[in-house]
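Working notes, beginning with the structure itself.
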Amino acid sequence: MTKFRRLTAVAALLGSVCASNAYAEGTVEVLHWWTSGGEAKAVGELKSAFESQGGMWIDSPIAGGGGDAAMTALRARVVAGNPPTAVQLKGPGIQEWATEGALNDVQAVAAAENWDSVLPPVLAEIMKYDGNYVAAPVNIHRVDWIWASPVALEKAGISEMPTTWAEFNAAAEKLEAAGLVALAHGGQPWQDATVFEDVVLGVGGPDFYRKALVELDADALTSDTMVAAFDQLRILRGFVDDGFSGRDWNLATSMVIRGEAGFQIMGDWAKGEFLAAGLVPGKDFYCIPTPGDGFVMNSDSFTFFKVAGDENLKGQQVLASLIMSPGFQKTFNLAKGSIPARTDVPLDDFDDCAKRSHEDLLKATEAGALVPSMAHEMAIPRSVRGEILDVVTTFFNSDMSSKDATAALAAAIQRAM
Ligand code: BGC
């Protein structure tokens, strides 16, 4: 071989190596907070689906349930001029980032695949900015659930799941009398707020919830109904064990899984933990909505930040299309504990908790009883949510009276507005 031929052969070889390093279906760096057992399994489904289409996935998990730590990390990345390509983001947060001009839209994909025809209109609106899709939803989580251990309930002589707060309180007392933890809980602001909003819905009903936690109406915030909601939260605080402070939500779920605790009040991402531990719903664990009418909605979605480079742009388009594909929506949600965001995915292979969630979602939508989660960033700006979380957590960790809590809530919200 002449020297020239050898050089051409090397160049050809290098060319093919480089070509195989460029991913035909793009690259995504994905920032998310899915790090518990069930969550990791679910996001693993997205990663392998993306990779099997020939894309390169760079994983950027930020531990911390509820996403508060992830949102801080995101802000730092954007300020540094180095945003991730895809970010788990929700509700008004999507609009806030879009208003800052930080997001790319995926309208071409959404229009070609007609997302408008397969998403509930209320969810589609949240995903759009200026009429264009800037986010793709993966699921619908329900926040107002009670999870229970049949073993613990049996030990305490409880034969029925509670359907009113009075029944819940009575059952919790029996669990304590049997030497068990009545309510598994992790003392972190977002977990306190999760329980709080479920109680507000249960005590006040959907219209009251909307007035207080979505419209931030001063009369509702300082009403006797709000005082009654704090009273119930105070009772629930009494059912929590001493070690609750700072505990992660999935460790609280483990207490129910092991039968050490009777109940946990948490969204249906908790079901992902029971399933990942191999437990069967209706047999090894129970689910029932928290007392009262309505449905507290939380939906996870991915947004696409402004990044340069064809490979990254391609990655965003491919990921958006993949997220919305019916097959992915099914596999992902079977692992995550939620139900698909798309309305046309059959639920035959889903369990009874998921089927109940779907039925109640339809009923609540019809009855005007569907409310967005405040705790999970579906309802109000992050800054105002932060003020509410501060008051709720302070109440949970002190002997503040319910009346003082309502006054503090109204004052805090006024400051934030
Ligand atoms: C998210 C869920 C997540 C949970 C706990 C919620 O805000 O919507 O997807 O599993 O936080 O981390």
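The values are calculated or read from the model by the stated rules, or taken from the named source; none is laboratory data. Bear in mind the structure is a predicted one, so any value in this text is a computation, not a measurement. Backbone-built Cβ (ideal geometry, glycine too); neighbour counts: all protein chains shown. The accessibility values were calculated without ligands, DNA or RNA, using every heavy atom of the protein model including side chains. Shrake-Rupley method; radii C 1.70, N 1.55, O 1.52, S 1.80 Å.
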**OP:** Starting from the Cα of Lys211, draw a straight line to each of the lysines and keep only those under 22 Å, dropping any in the same chain fewer than 8 residues away.
**Re:** Lys90, Lys363, Lys403
Original post:
With every protein chain present, what is the per residue accessible area of the chain (1.4 Å probe, Å²)?
Top reply: 40
Subject >> Sequence-separation-based contact order of the range 104-143, relative, with Cα cut under 8 Å and 6+ spacing, percent >> reply: 48
**OP:** Give a residue-ordered list of calculated ³J(HN,Hα) values for the range 289-295 (Karplus: 6.51 cos²θ - 1.76 cosθ + 1.60, θ = phi - 60°; whole Hz; x for Gly, Pro).
**Re:** x, 5, x, x, 8, x, 8
Original post:
Rounded to the nearest 20 Debye, what is the dipole magnitude of the range 228-340 about its Cα centre when Lys and Arg each give +1 and Asp and Glu each give -1 at the C-beta?
Top reply: 180
Original post:
How large is ³J(HN,Hα) for each residue in the range 30-45, as worked out from phi by the Karplus curve 6.51 cos²θ - 1.76 cosθ + 1.60 (θ = phi - 60°), to whole Hz, x for Gly and Pro?
Top reply: 10, 9, 8, 10, 9, 10, 6, x, x, 5, 5, 5, 5, 5, x, 5
Original post:
Using a simple spin-label model with points 7 Å from Cα along the Cα→Cβ vector, what separation in nm is obtained for Leu251 and Val280?
Top reply: 3.2
Subject >> Percent RCO, i.e. relative contact order, over the chain, from Cα pairs under 8 Å lying at least 6 residues apart >> reply: 27
Original post:
Where Lys and Arg each count +1 and Asp and Glu each count -1, what net charge lies around Arg356 among other residues with Cβ under 13 Å from its Cβ?
Top reply: -2
**OP:** Compute the FRET efficiency between Asp219 and Lys155 as 1/(1 + (r/R0)^6), taking r as their Cβ-Cβ distance and R0 = 30 Å, and round to the nearest 0.05.
**Re:** 0.10
Subject >> Set of the range 195-213 residues, backbone N closer than 19 Å to the point 7 Å along the Cα-Cβ line of Glu125 >> reply: 206-213
Original post:
For Asn132, which sequence-distant residues (separation of 5 or more, or a different chain) have an amide H within less than 5 Å of its own amide H, given hydrogens modelled in the peptide plane?
Top reply: none
Original post:
With the chain treated as a Gaussian network of Cα nodes joined by springs under 10 Å, which of Asp59, Asp284, Asp348 yields the largest mean-square fluctuation?
Top reply: Asp348
Subject >> Whole-percent carbon and sulfur share, accessible surface of the range 129-192, 1.4 Å >> reply: 50
Subject >> Where N is the number of residues in the range 372-417, Cα Rg divided by 2.2 N^0.38 Å >> reply: 1.13
Original post:
Working out 0.36 nm times the residue gap between Thr163 and Lys355, then minus their Cα-Cα distance, what length gain in nm do you get to one decimal?
Top reply: 67.3 nm
Subject >> Summed residue charge, Cβ within 14 Å of Phe274's Cβ, Lys/Arg positive, Asp/Glu negative >> reply: -1
